[in-house]
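Note sheet for the following structure.
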Amino acid sequence: MKRYTVAFAGNPNTGKSTLFNLLTGMRQHTGNWAGKTVVTAEGEFQYNGREYVAVDLPGTYSLYSNSADEEAARDYIIFEQPDVTLVVLDATSLERNLNLALQVLEITGRAVICINLIDEAKKLGIAINLEAIRAALGVPVVAVSARNRIGIDGLLKQVERVATGAFAGAPLRIAYSEEIERGIAELMPLVEHVLGPKYPARWVALRLLDGDQSLLASLKNRMLQKPGSLPKEVLGHGATACH
């Protein structure tokens with residue numbers, strides 16, 4: 001039986017780990033990310049006769065390279081390519097939390113947006129238009145309360161749809177300035193040539209334009225597993241930020 005991998009991503013204090021613990025129960029273990037002191041948790045759960053491996057990524061506010069936590073979460077989504085990235089948001093702080101969701105969608109369309117703490121939002125008089133958010137983001141969006149076990153079955157249905165390929169949407173694509181888009185267009189063929197079609201060439205090109213040296217280091221490490229190295233054109237762009 002195929003086992004699907006679900007990565008749990010989210011800002012700190014969104015209830016991400018509460019949801020992870022609810023689904024995996026005692027079927028989990030912890031460890032450290034390879035080469036890092038960042039703690040990771042991995043567990044298992046079943047739904048509708050299918051088996052899932054759940055990976056609780058470090059709580060982060062972004063997927064840039066501001067901390068070891070962000071690097072670990074970023075590298076897992078890019079290089080391990082989970083079947084589903086479940087982005088857990090706080091219903092009472094959607095504007096702040098959506099920043100991470102948008103970054104995930106730039107990397108992968110195999111995502112489900114989980115708006116947690118929906119009960120707290122209702123207490124505060126916050127109304128959330130799920131259909132409008134779905135239409136804007138282009139991926140499944142579900143409201144839940146992990147603490148009170150509300151909406152969990154609906155969430156798992158959407159996870160199953162994305163994992164099995166039953167859902168195939170087009171995630172939101174962010175358009176940047178003309179200068180940045182030119183840089184992306186120039187770099188993408190180089191990135192695709194080196195990394196192949198498996199990796200998100202547009203996002204990698206964008207991060208290289210922004211001078212993300214940590215990502216460049218991660219890419220170099222990946223290239224050690226195959227002949228050759230990153231072309232000097234990619235290395236050159238990686239050293240200069242474009243704003």
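List the number of the failed condition for R149; all other conditions in (1) surrounded by fewer than 21 Cβ atoms within 10 Å (Cβ to Cβ); (2) modelled with pLDDT under 95; (3) within 16 Å of K16 (Cα to Cα) hold.
It is condition (2) that R149 fails.
Which of the residues spanning segment 210-243 are modelled with pLDDT under 80 and of a type in the set (S, T, Y)?
Those that are modelled with pLDDT under 80 and of a type in the set (S, T, Y): S229, T240.
Mind telling me which of the residues L23, L102 ends up being under 27 Å from I150 (Cα atoms), among the aliphatic types (A, V, I, L, M), open to solvent by 10 Å² or more (accessible area, probe 1.4 Å) and under 12 Å from the mean Cα position of the chain (by Cα)?
Among L23, L102, only L102 is under 27 Å from I150 (Cα atoms), among the aliphatic types (A, V, I, L, M), open to solvent by 10 Å² or more (accessible area, probe 1.4 Å) and under 12 Å from the mean Cα position of the chain (by Cα).
For segment 1-95, give me every one of the strands (runs of 3 or more DSSP E) that falls completely inside it and has 1 or more residues that are closer than 15 Å to R110 by Cβ and in contact (Cβ under 8 Å) with a residue 40 or more places away in the chain.
Where strands (runs of 3 or more DSSP E) fall fully within segment 1-95 and carry at least 1 residues being closer than 15 Å to R110 by Cβ and in contact (Cβ under 8 Å) with a residue 40 or more places away in the chain, they are 3-10, 50-56, 84-90.
Determine the pairs where a residue that is under 27 Å from Y176 (Cβ atoms) and open to solvent by 20 Å² or more (accessible area, probe 1.4 Å), located within segment 106-127, has a partner that is of a type in the set (D, E) and assigned to a loop (DSSP other than H, G, I, E, B) with Cβ atoms under 8 Å apart, the partner being 6 or more residues away or on another chain.
Listed pairs, sorted by first residue: R110/D83.
Given the options R207, R161, R173, name the one that is at pLDDT below 95, within 23 Å of the chain's Cα centre (by Cα), among the charged types (D, E, K, R) and open to solvent by 70 Å² or more (accessible area, probe 1.4 Å).
R173
Is one or more of the residues making up segment 150-161 out of contact with any helix residue (DSSP H, G or I) (no Cβ under 9 Å at 6 or more places or on another chain) and over 24 Å from P82 (Cα atoms)?
No; the residues of segment 150-161 include none that is out of contact with any helix residue (DSSP H, G or I) (no Cβ under 9 Å at 6 or more places or on another chain) and over 24 Å from P82 (Cα atoms).
Go through segment 201-225 and count every residue that is within 17 Å of R182 (Cα to Cα) and in a loop (DSSP other than H, G, I, E, B).
Residues flagged as within 17 Å of R182 (Cα to Cα) and in a loop (DSSP other than H, G, I, E, B) within segment 201-225 amount to 2.
Would you please name the residue that is least open to solvent (accessible area, probe 1.4 Å), looking only at residues in segment 178-203 that are touching a residue at least 60 places away in the same chain (Cβ under 8 Å) and closer than 16 Å to Q103 by Cα?
Step by step, filter segment 178-203, then rank; the result is W203.
Just checking, how many residues over segment 96-142 are outside any loop (DSSP other than H, G, I, E, B), among the basic types (K, R) and touching a helix residue (DSSP H, G or I) at 6+ places or on another chain (Cβ under 7 Å)?
Total meeting the criteria: 0.
Can you say whether Y52 is open to solvent by 10 Å² or more (accessible area, probe 1.4 Å), touching a strand residue (DSSP E or B) at 6+ places or on another chain (Cβ under 8 Å), of a type in the set (F, W, Y) and under 27 Å from A166 (Cα atoms), as far as the supplied structure shows?
Spelling it out, it is not the case that Y52 is open to solvent by 10 Å² or more (accessible area, probe 1.4 Å), touching a strand residue (DSSP E or B) at 6+ places or on another chain (Cβ under 8 Å), of a type in the set (F, W, Y) and under 27 Å from A166 (Cα atoms).
The values are calculated or read from the model by the stated rules, or taken from the named source; none is laboratory data. Bear in mind the structure is a predicted one, so any value in this text is a computation, not a measurement. In this analysis, Cβ positions are derived from the backbone assuming ideal geometry, glycine residues included, and neighbour counts consider all displayed protein chains. In case anyone asks, the SASA skips ligands and DNA or RNA and just uses the protein heavy atoms, side chains included. Shrake-Rupley method; radii C 1.70, N 1.55, O 1.52, S 1.80 Å.
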